[in-house]
Amino acid sequence: MSISTIITAAGKNSRMRRDQISRNIELKNKLILPFKNKTVIETTIDNALSANVDDCIVVLGHYSSEIKEAIFDNYKDSVKFIENNPVDVGLSVSLFNGLSNTDSEFALCITADQPTVSTETFNRMIEVSQNSQDPYRTISILRRRKTGLLDTAEGLGMPFVAPRENLMKYLENEDDNLNPILRKIFADGYMFYGIKEKNEEELININHYDDYLKLLD
């Protein structure tokens, strides 16, 4: 079964920007901050490209020129970059636009500010999805509370593996955060399976400057 990685990198960066202003430090998009000898987004892309996927799409929006300038040359042969138009849209639109640019059966959906999620965890999510009784009615997702078969989609978000076309039906005509949409999918009887993190750092998204500093330690 074919699987694409969709990495959303289109956000406003507003929380990080506020933190940088309050600390009187250089304003820089969180995705191009240094991380493990590269940048945050490059580390996320590398971890995804090393997983059992067929291709990788990065969805840009706000600050697209700044991000592309920093990383495009390193990934122009291995990643397809697309840009939201208009840029001021919710996460659901970014994900839909990415999913629209591939014809794979399944999608590994990631946000670019998750550089600590390992290739091993991505592969575990893919494995659980593909080996489930009905892969086309299963969402394999990094757990937030429980592991295994879940009894709620509350609090869940990316990364996850889902059947691409089915997911697109829920995302179409939505302009929202992801969790309300995941809750709708759950309510329609999809099986949600929570994958345990390799370490606690995998559960941290870089939203604030303190998140970034914590992960550097």
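The values are calculated or read from the model by the stated rules, or taken from the named source; none is laboratory data. Computed from a predicted structure; not experimentally measured. Here the Cβ positions follow ideal geometry from the backbone for every residue, glycine too, while neighbour counts run over all protein chains shown. With ligands, DNA and RNA removed, areas are computed over all heavy atoms of the protein, side chains included. Shrake-Rupley method; radii C 1.70, N 1.55, O 1.52, S 1.80 Å.
Quick notes on this one:
- Close amide H contacts of GLU197 (hydrogens built in the peptide plane, cut-off under 5 Å, sequence separation of 5 or more or a different chain): ARG143.
- Looking at the chain, the DSSP beta bridges with both ends there are about 30 percent antiparallel.
- Taking the range 138-168 and a reference point 7 angstrom along Cα→Cβ of SER2, the backbone N atoms nearer than 13 Å belong to 164-165.
- Placed amide H near PHE35: partners under 5 Å, 5+ positions off or other chain: VAL40
- With θ taken as phi - 60° and the Karplus curve 6.51 cos²θ - 1.76 cosθ + 1.60 applied, the whole-hertz 3J(HN,Hα) list for the range 148-161 is x, 5, 9, 9, 7, 9, 4, x, 8, x, 6, x, 7, 10 Hz, x standing for glycine and proline.
- For the range 129-188, GluC sites (Glu not before Pro) are listed when DSSP marks them as loop and at most 14 other Cβ atoms sit within 10 Å of their Cβ; the list is GLU154, GLU172.
- Our compactness index for the range 4-135, the C-alpha radius of gyration over the empirical 2.2 N^0.38 Å, is 1.08.
- Accessible area per residue, Å², the chain with all protein chains present, probe 1.4 Å: 47 Å²
- Within the shell defined by Cβ-Cβ distances under 14 Å, the residues around VAL87 carry a net charge of -2, with Lys and Arg each +1 and Asp and Glu each -1.
- Euclidean distance of C-alpha centroids, the range 20-53 and the range 55-82, integer Å: 13 Å
- All lysines inside 20 Å of LYS146 as judged from Cα atoms, apart from same-chain residues fewer than 8 positions distant: LYS184, LYS196, LYS198
- Selected from LYS36, LYS28, LYS12 as most flexible by GNM, with the chain as the system and alpha-carbon contacts under 10 Å: LYS36
- Per residue, the convex hull around the alpha carbon atoms of the range 84-217 comes to 114 Å³.
- Solvent-accessible area, 1.4 Å probe, carbon plus sulfur percent, for the range 114-198: 43 percent
- Applying a DSSP loop filter and a limit of 13 other Cβ atoms within 10 Å to the trypsin sites (Lys or Arg not before Pro) in the range 63-124 leaves LYS76.
- Rg to Rh quotient for the range 127-183, alpha carbon positions, Kirkwood Rh: 0.94
- Between LYS36 and GLU120, the FRET efficiency estimated from the beta carbon spacing at R0 = 22 angstrom works out to 0.90.
- Radius of gyration and maximum dimension Dmax of the range 82-147, Cα, Å: 13.8, 39
- Note on the chain: with a GNM built from Cα contacts shorter than 10 Å, the maximum mean-square fluctuation among ASP88, ASP151, ASP55 falls on ASP151.
- Filter on LYS30/LYS80; LYS68/LYS214; LYS38/LYS80; LYS76/LYS169; LYS28/LYS68 - keep pairs with C-alpha separation over 23 Å: LYS68/LYS214; LYS76/LYS169
- Stretchable slack from LEU213 to GLU200, in nm (0.36 nm times residue separation minus alpha-carbon distance): 3.2 nm
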